[in-house]
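Here's the structure we're looking at; comments come further down.
The values are calculated or read from the model by the stated rules, or taken from the named source; none is laboratory data. From a predicted model like this one, the values you see are computed outputs, not experimental measurements. Note: ideal-geometry Cβ built from the backbone for every residue, glycine included; neighbour counts use all protein chains shown. Ligands, DNA and RNA are stripped out before the accessible areas are found, and what is left, the full protein with its side chains, is counted by its heavy atoms. Shrake-Rupley method; radii C 1.70, N 1.55, O 1.52, S 1.80 Å.
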Amino acid sequence: MNQYDDLPTSYMVGHILIQPNITLAPMVGVTDSVFRRMILGLGGCGLVSSEMTNAAGVSARAIKHHHQLDFLPEER
């Protein structure tokens, strides 16, 4: 028996089940769509987020040129 045997394999955030108990942190320049799909190919995480972005970059005018928020259906 080791120190990790007592860790839960899942957890709840409100009514949402996160399983497995691994979360991918939002890291600018790292957690883009390509990286998230690579993690999915390795077995995935229970909770994945996109990169953090500046709210000004989400305006209707700027969104055409802003690709940090892009995702593919298999990332859902």
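Below are the figures for this structure:
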item	result
The stretch 28-45 residues that are basic (Lys, Arg), paired with ones that are in a loop (DSSP other than H, G, I, E, B) (beta carbon under 9 Å, 6 or more apart)	Arg36/Cys45; Arg36/Ser49; Arg36/Ser50; Arg36/Phe71; Arg36/Leu72; Arg37/Leu72
Members of the stretch 1-58 found to be part of a loop (DSSP other than H, G, I, E, B), under 12 Å from the mean Cα position of the chain (by Cα) and of a type in the set (Gly, Ala, Ser), listed by number	Ala25, Gly44, Gly46, Ser49, Ser50
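Yes/no per residue for (1) hydroxyl-bearing (Ser, Thr, Tyr); (2) in contact with a helix residue (DSSP H, G or I) (Cβ under 9 Å, 6 or more places away or on another chain); (3) at pLDDT 85 or above; (4) open to solvent by less than 80 Å² (accessible area, probe 1.4 Å):
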site: Asn21; (1), (2), (3), (4): no, no, yes, yes
site: Arg37; (1), (2), (3), (4): no, yes, yes, no
site: Gly41; (1), (2), (3), (4): no, no, yes, yes
site: Gly57; (1), (2), (3), (4): no, yes, no, yes
site: Leu72; (1), (2), (3), (4): no, yes, no, yes
